[in-house]
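A short worksheet on the structure shown next.
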Amino acid sequence: MNLRHFIDLSDIDATALRLILTKARALKAARAQGELPPLLAGKKLAMIFEKHSTRTRVSFEAAMIELGGQGLCMNGSELQLGRGETVADTAQVLSRYVDAILLRCHSHEKLKDLAEHATVPVINGLTEFSHPCQILADILTFEENLGDIKDKTVAWVGDGNNVAQSWIQAAALLGFRLRLACP
């Protein structure tokens with residue numbers, strides 16, 4: 001089995017990233033026409049939020065529902081993740097019940113540990129190192145409004161944080177210029 005996690009943009013190639021964006025655009029267009037293909041019928045996504053979020057939680061939960069699946073949302077205090085139970089144990093237990101796991105946490109190492117021990121795909125909902133799903137959404141919005149991002153210039157003004165890191169990874173893959181202004 002070829003298990004594919006989505007941990008960082010640097011873990012995929014430009015062709016795969018472009019395929020993800022193309023599929024996202026097609027699904028968004030279908031949604032606008034009232035067509036919601038049940039691509040995830042019968043599938044379950046465990047969503048673990050050690051770091052709270054409104055947009056990440058709602059967007060993933062809504063997507064699961066719209067595509068025929070179910071999102072199971074848990075916050076860090078509801079689990080023993082890394083406290084009374086090892087990350088490996090949590091990964092193994094969740095893998096028996098769900099089809100994929102989304103983790104939004106502070107520790108990038110915890111995310112990588114979860115992915116190492118899970119037998120289902122793991123998605124990075126945010127860590128202190130990167131925020132790849134946010135950048136996919138940003139690039140999709142950019143391209144919907146301004147065309148292909150290749151050879152364009154994107155400016156990031158803000159902290160040199162996880163989002164900036166994911167922008168750097170995306171620029172390397174998709175061939176656009178990135179200008180960072182960070183304190």
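The values are calculated or read from the model by the stated rules, or taken from the named source; none is laboratory data. What you see is a predicted model; the values in this text were computed from it and never measured. We place every Cβ from the backbone using ideal geometry, glycine too, and count neighbours over all the protein chains shown. Accessible surface areas use protein heavy atoms only, side chains included; no ligands, DNA or RNA. Shrake-Rupley method; radii C 1.70, N 1.55, O 1.52, S 1.80 Å.
A few remarks follow.
- Entry remark, the stretch 94-122: residues being surrounded by fewer than 21 Cβ atoms within 10 Å (Cβ to Cβ) and assigned to a strand (DSSP E or B) number 0 in total.
- Sole exception among (1) touching a helix residue (DSSP H, G or I) at 6+ places or on another chain (Cβ under 8 Å); (2) closer than 21 Å to LEU72 by Cα for LEU136, by number: (2)
- For the stretch 28-48, the tally of residues that are free of Cβ contacts under 8 Å to residues at least 12 places away in the same chain and not polar (S, T, N, Q) stands at 5.
- Considering residues of the stretch 144-179 that are part of a strand (DSSP E or B) and within 21 Å of ASN124 (Cβ to Cβ) only, the residue most open to solvent (accessible area, probe 1.4 Å): TRP156
- So THR141, is it assigned to a helix (DSSP H, G or I) and under 18 Å from LEU9 (Cβ atoms): yes
- Odd one out for GLY69, checked against (1) more than 19 Å from VAL120 (Cβ to Cβ); (2) out of contact with any His (no Cβ under 9 Å at 6 or more places or on another chain): (1)
- Qualifying residues in the stretch 6-21 (those that are assigned to a helix (DSSP H, G or I) and in contact (Cβ under 8 Å) with a residue 24 or more places away in the chain) - the one nearest to GLY69 (Cα to Cα): ILE20
- Close Cβ contacts (under 6 Å, 6 or more residues apart or on different chains) running from residues in the stretch 163-183 that are within 23 Å of THR56 (Cβ to Cβ) to residues that are in a helix (DSSP H, G or I) and hydroxyl-bearing (Ser, Thr, Tyr) comprise GLN169/SER10.
Each row is one residue, and each column tells you yes or no for (1) part of a helix (DSSP H, G or I); (2) open to solvent by 60 Å² or more (accessible area, probe 1.4 Å); (3) of a type in the set (Phe, Trp, Tyr).
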site	(1), (2), (3)
ARG4	no, yes, no
LYS23	yes, yes, no
ALA29	yes, no, no
LEU36	no, yes, no
ILE48	no, no, no
LYS51	no, yes, no
SER59	yes, yes, no
ILE65	yes, yes, no
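- In the stretch 79-87 there is no residue matching the filter, namely being in contact (Cβ under 8 Å) with a residue 12 or more places away in the chain, open to solvent by 80 Å² or more (accessible area, probe 1.4 Å) and farther than 30 Å from ALA29 by Cβ.
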